[in-house]
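Reviewing the structure listed below.
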Amino acid sequence: ELRAKQVMKHNVITVQKKNRVANAIRLMRRHNVSQLPVTSYGKVVGSVGEKTILDKISQGVELNSIAVKHVEEIMQEPFPQIDENAPLSVVYALLQYSSAVLVVKQEHIAGIIAKADLLKAAGK
């Protein structure tokens, strides 16, 4: 069975909790990702994504007023974290409830796996 480290994306783009939401949006656009782990002093403290922002807009909040907020004001729970040697069956199970899974090695982020990454792995 494939392991998490075999399908994860290695370059994990993160955003600091004190950054503005506009910065998170720019990072997502620039790196073509739909969600980001939120960090503070090297620790993962939350997550933010397109869905988070779009949910706020659908509640009637204007994008301009969201963009100036700090990420920590709108962030959601952190993505689940697993060891790099975890089997993909664990990743599949976690992605039923989360949009991404962080892969850690010695307490540091080594990679990230989103649902689209599993589809790419299945095509190999």
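Per-residue surface analysis assigns H70 an accessible area of about 50 Å², computed on protein heavy atoms at 1.4 Å probe radius. Residues L54, L27, L94, L63, sorted by accessible area with the largest first, give L54, L63, L94, L27 [1.4 Å probe; ligands and nucleic acids excluded]. The sum of -39500 (n - 2.57) across all DSSP H runs of n ≥ 4, divided by the residue count of the chain, sets its helix-only mean residue ellipticity at 222 nm to -9000 deg cm²/dmol. Quick one: angle between helix 21-31 and the longest Cα principal axis of the chain, in degrees between 0 and 90, rounded to 10, please. Compared with the principal axis, the helix lies near 40 degrees. Each label was represented as a point 7 Å from its Cα along the Cα-to-Cβ direction; for V68 and I13 these points are 2.5 nm apart. Which residue fluctuates the most in the chain, going by a Gaussian network model with Cα springs under 10 Å, if the choices are A24, A100, A67? Comparing A24, A100, A67 in a Gaussian network model of the chain, the most mobile one is A67. Summed over all non-identical Cα pairs, the Kirkwood treatment of the chain gives a radius of 14.9 Å.
Of all DSSP bridge pairs formed entirely within the range 10-89, close to 80 percent run antiparallel. Ignoring lysines fewer than eight residues from K115 along the same chain, the ones with Cα atoms less than 27 angstrom from its Cα are K5, K9, K17, K43, K51, K56, K105, K124. Spin-label pair Q81-S34: with each label point 7 Å from Cα along the Cα-Cβ axis, the two points sit 2.5 nm from one another. Here the accessible area is traced with a 1.4 Å probe on the protein chains. For the chain, carbon and sulfur cover 50 percent of it. In the chain, the sites counted are GluC sites (Glu not before Pro) in DSSP loop states with at most 11 other Cβ atoms within 10 Å, and the longest stretch holding none of them, exclusive of the sites, is 2-61.
Solvent-accessible surface of the chain, taken per residue with a 1.4 Å probe and all protein chains present: 61 Å². Springs join every pair of Cα atoms under 10 Å in this Gaussian network model of the chain, and among S58, S47, S89 the largest mean-square fluctuation is at S58. One decimal place: the segment L27-S99 gains 24.2 nm when fully extended, by the rule 0.36 nm per residue minus the C-alpha distance.
The values are calculated or read from the model by the stated rules, or taken from the named source; none is laboratory data. Since the structure is predicted, the reported quantities are computational estimates derived from the model, not experimental observations. FYI the Cβ positions are ideal-geometry reconstructions off the backbone, even for glycines, and counts take in every protein chain you see. Just the protein is used for accessible areas: all its heavy atoms, side chains included, with ligands, DNA and RNA removed. Shrake-Rupley method; radii C 1.70, N 1.55, O 1.52, S 1.80 Å.
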